[in-house]
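The values are calculated or read from the model by the stated rules, or taken from the named source; none is laboratory data. Predicted model only: the values in this text are computed from it and were never measured. Here the Cβ positions follow ideal geometry from the backbone for every residue, glycine too, while neighbour counts run over all protein chains shown. We work out accessible area using only protein heavy atoms, side chains counted, and drop any ligands, DNA or RNA first. Shrake-Rupley method; radii C 1.70, N 1.55, O 1.52, S 1.80 Å.
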Amino acid sequence: MSEFTLNTPTQEPELDTAMKVVFQWNYDPEVDELRRLYVKAAEAQWISSRDLDWDRPIDHAKFAATPLGSALPVEQTSFWKALPEETAWELTRRTAAFRLSNFLHGEQGALMVAAQLVNAVPHTDAKFYAATQTMDEARHVEVFSKYIQKLDMVRPIAPPVKRILDVTLQTDDWLKKLVGMQIVVEGLALYSFRQMRQLTEEPLLKDILTYVARDESRHHAYGVQYVERCVPCLSDAQRTELEDFALEAARTLIDERNQQTLLTSVMQIWTEVGIDVAELFACIDRERDDLIKRMENGRRLGPVQGFVIPTLRRCGLLSERVATHFHDFLRANLGAQLVGADVEEFMERLPELPHDTAAWVLGAN
Ligand SMILES: [Fe+2]
Ligand SMILES: [Fe+2]
């Protein structure tokens, strides 16, 4: 039996944070929509060991449709298709474990930010809601870690994900915590969970993502409903600072150099399995046009343009000034064709937020 100790090798050095704690002596409802969301969250609690069937082995064949998260669908190259079945499974499960590990570590960050929000937000209803979210995030950490261990092993956090969690935990401004976590990180997560849930055919993973995505749609609703109430109370300077915080957070997550860091980690995993990565890339190069054509058939806006920026607009955090910065960096990363030639075109292409996020996230398209 392992010995209990205060310090374990898996612990990170402590991170100094600057959170301010607020007592609120009025316990009556002040923000009705948040009070309702809190009740809804309490009613929707679920239990991993009771509500999910963990005894099912992972279905290898059905797992194959799970998106691996790479920019181009490598699994559709002739190189990949010619691999022995066992090697293809090794690649799939390890790459998926890498992607899910980053979801898992993100969930731990969300757990800690939600707990900070209980202390830092100034309204009772918002503290109550953050308490239910803390419980939700603990469950998400639990289910993702359990699933990853069935699949492979937990991989270390990718540096860009760690950076954004640190910044959100460290700020002393509760509104920045709300915008960084509830709008940017959760917005991206919601988009990725939705896509993975739609595409995967692995029954246990699909069930997990159904429960998790339902919770996440409430977390996003909390961010939207609370931030949109708060923004009109801010000075111009405060609003500008908050807009810039959101911009930096989104930039950290999808910047091309950071995408490169993610790709390097994935390549290391492939090398572990004995894949000749140079040969795989040569094959991607040869088949690039075909892969892009296939992708374009189902091409959609990415998570930032398709979801995070529309959320910021809804909350009153998308001035023309910050929209121009968003357009510049998205165009540099994704190209004008997808993003729009200028900021007017960019704004015109921004979709409306779904009317019912919970239905959208669990919907078919
Ligand atoms: Fe979560
Ligand atoms: Fe969440």
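Yes/no per residue for (1) more than 16 Å from ligand 2 (Cβ to nearest atom); (2) closer than 24 Å to Leu262 by Cβ; (3) of a type in the set (S, T, N, Q):
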site: Asp55; (1), (2), (3): yes, no, no
site: Ile58; (1), (2), (3): yes, yes, no
site: Ala65; (1), (2), (3): yes, yes, no
site: Glu75; (1), (2), (3): yes, yes, no
site: Phe79; (1), (2), (3): yes, yes, no
site: Ala88; (1), (2), (3): yes, yes, no
site: Gln108; (1), (2), (3): no, yes, yes
site: Gln116; (1), (2), (3): no, no, yes
site: Ala120; (1), (2), (3): yes, no, no
For segment 133-151, name all the residues that are open to solvent by 10 Å² or more (accessible area, probe 1.4 Å) and away from ligand 1 (no atom under 12 Å from the Cβ).
-> Ser145, Lys146, Gln149, Lys150
Residue list for segment 166-199, filter: farther than 23 Å from His60 by Cα and open to solvent by less than 10 Å² (accessible area, probe 1.4 Å) | Thr168, Lys177, Leu178, Val179, Gly180, Met181, Gln182, Ile183, Val184, Glu186, Gly187, Leu190
Would segment 152-159 turn up any residue that is within 16 Å of ligand 1 (Cβ to nearest atom), of a type in the set (A, V, I, L, M, F, W, C), within 29 Å of Asp59 (Cα to Cα) and assigned to a helix (DSSP H, G or I)?
-> no
Over 17 Å from the mean Cα position of the chain (by Cα), among the basic types (Lys, Arg) and assigned to a helix (DSSP H, G or I), is that true of Arg197?
-> no
Pairing a residue in segment 111-123 that is outside any helix (DSSP H, G or I) with any residue that is open to solvent by 30 Å² or more (accessible area, probe 1.4 Å), where Cβ atoms lie under 8 Å and the two sit 6 or more apart in sequence or on different chains, gives Val121/Val22; Val121/Lys127; Val121/Trp174; Pro122/Val22; Pro122/Gln24; Pro122/Trp174; His123/Gln24; His123/Glu30
Subset of segment 71-107 [touching a residue at least 40 places away in the same chain (Cβ under 8 Å) and closer than 30 Å to Lys176 by Cβ] = Ala71, Phe98, Leu100, Ser101, Asn102, Phe103, Leu104, His105, Gly106
Hey, among Ala18, Ala42, Ala61, which residue is small (Gly, Ala, Ser), loosely packed, with under 13 Cβ neighbours inside 10 Å and in contact (Cβ under 8 Å) with a residue 24 or more places away in the chain?
-> Ala18
With the condition kept exactly as written, say whether any residue in segment 192-201 is away from ligand 1 (no atom under 14 Å from the Cβ) and among the acidic types (Asp, Glu).
-> yes
Looking at (1) among the polar types (S, T, N, Q); (2) within 16 Å of ligand 2 (Cβ to nearest atom); (3) closer than 30 Å to Val22 by Cα, which is the only condition Thr124 fails?
-> (2)
Considering segment 200-224 alone, what residues qualify as being within 16 Å of ligand 2 (Cβ to nearest atom) and open to solvent by 50 Å² or more (accessible area, probe 1.4 Å)?
-> Tyr211, Arg214
Would you kindly identify the helices (runs of 4 or more DSSP H) lying entirely within segment 40-100 that contain at least 1 residues that are basic (Lys, Arg) and within 25 Å of the chain's Cα centre (by Cα)?
-> 60-63
Given (1) within 30 Å of Ser265 (Cα to Cα); (2) of a type outside the set (S, T, N, Q); (3) away from ligand 2 (no atom under 16 Å from the Cβ), index of the condition Leu100 fails | (3)
Could you look through segment 99-111, keep only residues that are within 19 Å of Ala221 (Cα to Cα) and aliphatic (A, V, I, L, M), and pick out the one that is most open to solvent (accessible area, probe 1.4 Å)?
-> Leu111
Is there any pair linking a residue in segment 260-272 that is closer than 14 Å to Gly69 by Cα to one that is open to solvent by 60 Å² or more (accessible area, probe 1.4 Å), with Cβ under 8 Å and at least six apart or on different chains, and which?
-> Thr261/Pro159; Leu263/Ala71
